[in-house]
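The values are calculated or read from the model by the stated rules, or taken from the named source; none is laboratory data. If you're wondering where the values come from, they're calculated on a predicted model, not measured in any experiment. Positions of Cβ are backbone-derived with ideal geometry, glycine not excepted, and every protein chain shown enters the neighbour counts.
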């Protein structure tokens, strides 16, 4: 009798996928923003430190551009996939295929996280896993919209938008490897049009993701002033 665990009964594993091929043009830095130093080390290393502290994440794959040279001196303990694309969605799609090529099962979970969300904590990641593990689809960290929302036309306010039932999407976003790969594949021929994050791809495939409350500190470093704020938060932590 074989000792192998049947594929359908094997406990799903959790993997992390970090798209890291962007250039971050809005950040105003001379290098890709994920490599900009913050609190003594490149931003992406803070992000990886948080993910590595989550025991349930068995693997962490960093998707980089084919010509990326940063990791020549930072690759210790990192699984690299040199298949980054022209857009974040393409990088995630290619990274999912790399995960599958490395043995990830379609029933496994993948947590896709922004490299520039360097303030995420292991506790937040674990809360997402706890909430999504029993769910059929998976979900994402997010925050209820706290501010008044305005619509704009020609540089002026055109309307005040009702903020009820509106959330700010964050990452990680946690879905089954196969389901997310299929959802992105359905949009690939159209250049991933309309896909702004993993949840949007799942929505387009008819799958409503679960909303899991995140933290205001888990913001995405995007603009020049965000670097000082991120550094202040990192230095305030033990």
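The set of residues in the range 118-135 that are surrounded by fewer than 24 Cβ atoms within 10 Å (Cβ to Cβ), assigned to a loop (DSSP other than H, G, I, E, B) and touching a strand residue (DSSP E or B) at 6+ places or on another chain (Cβ under 9 Å) comprises 133, 135.
In summary, strands (runs of 3 or more DSSP E) completely within the range 142-181 and bearing 2 or more residues that are farther than 16 Å from residue 212 by Cα and touching a strand residue (DSSP E or B) at 6+ places or on another chain (Cβ under 7 Å) occur at 149-153, 156-161. Filtering 62, 54 for residues that are modelled with pLDDT of 95 or more, within 16 Å of the chain's Cα centre (by Cα) and in a loop (DSSP other than H, G, I, E, B) leaves a single hit, 54. Selection of first residues in the range 80-101 that are on the phi > 0 side of the Ramachandran plot and of second residues that are outside any helix (DSSP H, G or I) and buried (at least 19 other Cβ atoms within 10 Å of the Cβ), restricted to Cβ pairs under 9 Å at least 6 apart or on distinct chains, gives an empty result.
Considering the conditions (1) without any contact (Cβ under 8 Å) to a residue 24 or more places away in the chain; (2) in contact with a strand residue (DSSP E or B) (Cβ under 9 Å, 6 or more places away or on another chain); (3) more than 30 Å from residue 94 (Cβ to Cβ), residue 225 is excluded by exactly one of them, (2). When residue 46 is tested against (1) part of a helix (DSSP H, G or I); (2) modelled with pLDDT under 95, exactly one condition is not met: (2). Only residues that are part of a loop (DSSP other than H, G, I, E, B) and within 30 Å of residue 52 (Cα to Cα) were counted in the range 182-196, giving 3. Does any residue of the range 90-110 turn out to be within 27 Å of residue 217 (Cα to Cα) and in a strand (DSSP E or B)? Yes; the residues of the range 90-110 include at least one that is within 27 Å of residue 217 (Cα to Cα) and in a strand (DSSP E or B).
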